[in-house]
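The values are calculated or read from the model by the stated rules, or taken from the named source; none is laboratory data. Note that this is a predicted model, so its numbers are computed, not measured. Don't worry about glycine lacking a Cβ; one is built from the backbone with ideal geometry, like all the others, and counts go over all protein chains shown. Areas reflect the complete protein model, heavy atoms only, side chains present, ligands, DNA and RNA absent. Shrake-Rupley method; radii C 1.70, N 1.55, O 1.52, S 1.80 Å.
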Amino acid sequence: MKNLLTDIAGVRVGHADDAALASGVTAIVFDSPAIASIDVRGGGPGTREDGLLKLESTVEAVDAITLSGGSALGLDAAGGVQAWLAEQGRGLRIREAVIPIVPGAICFDLLNGGNKAWGRFPPYRDLGYAAACAATTDFAIGSVGAGLGATTANFKGGLGSASAQTDGGVMVAALAVINAVGIVTVGDGPWFWAAPFEVGSEYGGRGLPPSFTPEMLKARLKGGPAATSAENTTLVVVVTDAVLMKPQAKRLAMIAHTGMARAIYPVHAPTDGDVVFAAATGRKPVDPLFGLTELGMVAANVVSRAIARGVHAATALPFPGALPAWGDRFG
């Protein structure tokens, strides 16, 4: 196991980003269509095809999921992933028509110091295509792809991933883009809120502080009173090799949000756009009650770990006044 989303067989991940732009795209591509749903808890989400993922909607499976910077302008990224899938002949077939199904979500990274003067058309569609082309079973974490321009209230954000399996051998993994209005560390660190779920020393092995002070529990919010609902979001994709129906995938996404709450302080704010996608590749049966509950428990744990790993692995943007990375202070 690589401790990555691609520990789930049949899943590939690709990044494309632009250092001058300080933004990018991450494509999660399924070798075969995966049953999927979504759960949105943030007050300012930006999503594409979220209606398709609702339980009352007809289509059940997706070909890929796209995560992007760029706020609403980054929703174009999924079109680039669609274009790549269409070239492969992938998609929902309706007689002679082939329609790739690619939900997506975005985070706001337009004020991070990068050059956003791109002219008439944003670059995200092309970045989406490049990310799909680059999709493989090995991928980087930290300041890459959709996490390149991500920030939190006190440290550079990023992209993280983690994986685990239930006692019954069902795999579950998460990929997270951390661009939260709050913080991922306890106070100013070095401890992570997700410390109880750490495996080995995957994000520094610092544990929790010996005690919690009032200063540690104060709200640290990106932008302070001037924060807006467009500026922040944590995006998560949870994938399992379990056999799930669409309502069960929805329940998995709901339980997985617990991991976000354990790793970010505060979370699900009016100024966040927090989203969890859940997808199932359908390889291993799972009990619909106890089994699904256990799967959700483990999924929440890997979400917490993925969030902490993304901040732990991030590197600061090379612009004046840029937030430091966790590693700059404690690495």
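I'm checking my understanding of the structure. Among residues of the stretch 81-101 that are open to solvent by less than 60 Å² (accessible area, probe 1.4 Å) and aliphatic (A, V, I, L, M), which one is farthest from Arg48 (Cα to Cα)? Quick ask: steps written out before the conclusion?
Here is the first cut: in the stretch 81-101, the ones open to solvent by less than 60 Å² (accessible area, probe 1.4 Å) are 81-86, 89-91, 97-98, 100-101.
Then keep just the ones that are aliphatic (A, V, I, L, M); that gives 81, 83, 85-86, 97-98, 101.
Working: Val81: 13, Ala83: 15, Leu85: 17, Ala86: 18, Ala97: 21, Val98: 19, Ile101: 10 Å.
Checked the stretch 81-101; the qualifying residue farthest from Arg48 (Cα to Cα) is Ala97.
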(request) Would you please list the contacts, defined by Cβ atoms under 9 Å and residues six or more apart or on different chains, that run from a residue in the stretch 189-203 that is assigned to a loop (DSSP other than H, G, I, E, B) to a residue that is open to solvent by less than 30 Å² (accessible area, probe 1.4 Å) and hydroxyl-bearing (Ser, Thr, Tyr)? (result) Trp191/Thr185; Trp193/Thr185; Trp193/Ser304; Ala194/Tyr203; Ala194/Ser304; Glu198/Ser304
(request) For residues that are open to solvent by 10 Å² or more (accessible area, probe 1.4 Å) and among the hydrophobic types (A, V, I, L, M, F, W, C), scanning just the stretch 102-120, find the one that is nearest to the chain's Cα centre (by Cα). (result) Ile106
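Is it the case that Thr47 is open to solvent by 10 Å² or more (accessible area, probe 1.4 Å), touching a Phe, Trp or Tyr at 6+ places or on another chain (Cβ under 9 Å), hydroxyl-bearing (Ser, Thr, Tyr) and in contact (Cβ under 8 Å) with a residue 40 or more places away in the chain?
no
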(request) Among the numbered conditions (1) out of contact with any Leu (no Cβ under 7 Å at 6 or more places or on another chain); (2) among the polar types (S, T, N, Q); (3) farther than 16 Å from Ile178 by Cβ, tell me where Thr315 comes up short. (result) (3)
(message) So if I check each of Leu4, Leu52, Leu21, which one is surrounded by fewer than 22 Cβ atoms within 10 Å (Cβ to Cβ) and either hydrophobic (A, V, I, L, M, F, W, C) or without any contact (Cβ under 8 Å) to a residue 12 or more places away in the chain (or both)?
(response) Leu52
(request) Identify, by number, the condition in (1) hydrophobic (A, V, I, L, M, F, W, C); (2) farther than 29 Å from Gly104 by Cβ; (3) under 19 Å from the mean Cα position of the chain (by Cα) that Val186 doesn't meet. (result) (3)
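Might you check whether a residue that is under 25 Å from Gly149 (Cα atoms) and touching a residue at least 40 places away in the same chain (Cβ under 8 Å) occurs anywhere in the stretch 281-297? Break it down stepwise before answering.
We begin by selecting, within the stretch 281-297, every residue under 25 Å from Gly149 (Cα atoms); these are none.
Within the stretch 281-297, not a single residue is under 25 Å from Gly149 (Cα atoms) and touching a residue at least 40 places away in the same chain (Cβ under 8 Å).
Just one of Ala134, Ala164, Ala140, Ala195 is closer than 26 Å to Leu295 by Cα, in contact with a His (Cβ under 9 Å, 6 or more places away or on another chain) and surrounded by fewer than 24 Cβ atoms within 10 Å (Cβ to Cβ); which is it? Walk me through it before giving the result.
Working: Ala134 fails: closer than 26 Å to Leu295 by Cα; Ala164 fails: in contact with a His (Cβ under 9 Å, 6 or more places away or on another chain); Ala195 fails: in contact with a His (Cβ under 9 Å, 6 or more places away or on another chain).
Every option except Ala140 fails the conditions.
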